[in-house]
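Everything on this sheet refers to the single structure shown next.
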Amino acid sequence: NKSPSAMKKAIISIAVIVLIAGAAFAKRPKTAVFVGCTGYLISETPKRATQIHGAEISVITSQGDTLRTVSDETASFVIPQTPEGPATVKVEAEGYKTQIQILDIRANRAGRYVKNFFLEKAEEQPKQ
């Protein structure tokens, strides 16, 4: 038989372990899988766009971390484990104006945050 004080110590030890584990889990930031496409809007009505392949997408999180990817041959991109919350997103592609947006990234029920970017063509500089 264990003494009451030994039982009390065991219960307190278990409670401390549970509290520490819970605090460690709670500090982990929630994340989303950030997905989207990059394109150039040809017309508003009807809405038509062309794909931009190889666009560079950068996400600067509120913690100051930068996550980067490039849109693929279908103009799609995926940035897994993007922290939820405010973020500055920059999209760059050769021949197009750089686009910068401040977004509030929140995962939907499927754990995704979906945002498509339509860039404007850069104005060509006159040749001298």
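A few remarks follow.
- Relative to the compact-globule estimate of 2.2 N^0.38 Å, the Cα radius of gyration of the stretch 61-108 comes out at 1.22.
- Size of electric dipole in the stretch 83-123: Cβ of Lys, Arg +1 and of Asp, Glu -1, about Cα centre, debye, nearest 20: 260
- Label point of Arg48 set 7 angstrom out along Cα-Cβ; within the stretch 87-128, amide nitrogens under 19 Å from it belong to 118-121.
Any read-out appearing in this document is the output of simple, stated calculations on the displayed coordinates, not a laboratory observation. Just so it is clear, the structure is predicted and the values come from calculations on it, not from any experiment. All Cβ positions, glycine included, derive from the backbone under ideal geometry; neighbour counts span all protein chains shown.
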